[in-house]
1. Under a Cβ-Cβ cut-off of 14 Å, what is the net charge of the residues other than I17 that fall near it, where Lys and Arg count +1 and Asp and Glu count -1?
2. What does the net charge come to around H102 if you take all other residues with beta carbon closer than 14 Å to its beta carbon, with K and R at +1 and D and E at -1?
3. If you work out Kirkwood radius over Cα pairs in Å from the coordinates, which of [x] 19.0; [y] 22.7; [z] 16.6 do you get?
4. Counting other Cβ atoms within 10 Å of each Cβ, which trypsin sites (Lys or Arg not before Pro) in the stretch 9-91 have at most 16 and sit in a DSSP loop?
5. Taking only protein heavy atoms into account and a 1.4 Å probe, give the accessible area per residue of the chain in Å².
6. Net charge around V37, counting only other residues with Cβ within less than 13 Å of its Cβ (Lys, Arg = +1; Asp, Glu = -1)?
7. Please state the charge dipole magnitude for the stretch 43-121, taken about the Cα centre, from unit charges on C-beta atoms (+1 on K and R, -1 on D and E), reported in debye and rounded to the nearest 20.
8. Divide by every residue of the chain the summed helix terms, -39500 (n - 2.57) for each DSSP H run of at least 4, and state the resulting mean residue ellipticity at 222 nm, rounded to the nearest 500 deg cm²/dmol.
Amino acid sequence: VLAADSITRDPKRFWLIEFKRANASQQSSRKAFHELVDRVRASPGIVLYDAVESGVPTYMVDVIAGATGEAATHVMDLIGVSQTTYRRKDEAREPLPDAAGHRVMGFLRVMATLRRLLEESGDAQQLADFDLDTWLARWMREPLPELRNKTPAEMLRNPEGQRAVELILERMRGGLPA
């Protein structure tokens, strides 16, 4: 686990996780994904801003895909990056394009919000039995009337959309229609 001050001094360290792409299992992907979600939950906004501005590494596509059970191409679609751009950036060891990086952080923030809400529900067994990662990946692709039939994934394009998605999750917790 990285110390908060090391991330503050070097924002690229935010993305450092123990993850081996070549032979990553779903369990190791989920562990890495949850570590990042925990960092999002524990970090002030300026740290998250700096982390995205420092560049989101391409391996985040593999982490999200492995954790959620989605194909990497679906994750690329979710964050708005073409396979060609992804491959080019990955081979050059360059970060994802800015917009895709913001969407990755948006996805992590939505997951952090959802996990917080479930933990606050007070039912630890329900949280342990619930496949949150898979549910979120599927839910992000569902058109919602509250979003004028846009998907939550589409709403990750900007901070206002991200906040709208987080508000829907808050309403769902309270038993109100999303």
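The values are calculated or read from the model by the stated rules, or taken from the named source; none is laboratory data. These figures come from a predicted structure and were not determined experimentally. Reconstructed Cβ throughout: ideal geometry from the backbone, glycine too, with neighbour counts over all protein chains shown. When the accessible area is computed, the model is the full protein with side chains, heavy atoms only, and any ligands, DNA or RNA have been set aside. Shrake-Rupley method; radii C 1.70, N 1.55, O 1.52, S 1.80 Å.
1. On the way: positive: K12, R13, K20, R21, R30, K31, R39; negative: E18, E35, D38, D62.
Residues near I17 contribute +3 overall.
2. On the way: positive: R103, R109, R157, R163; negative: D50, E53, D98, E154, E160.
That works out to -1.
3. Correct label, based on the coordinates given: [z].
4. Loop-located and lightly packed - K20, R21.
5. 54
6. +3
7. Roughly 60 debye for the stretch 43-121.
8. Counting only the DSSP helices, I get -19500 deg cm²/dmol.
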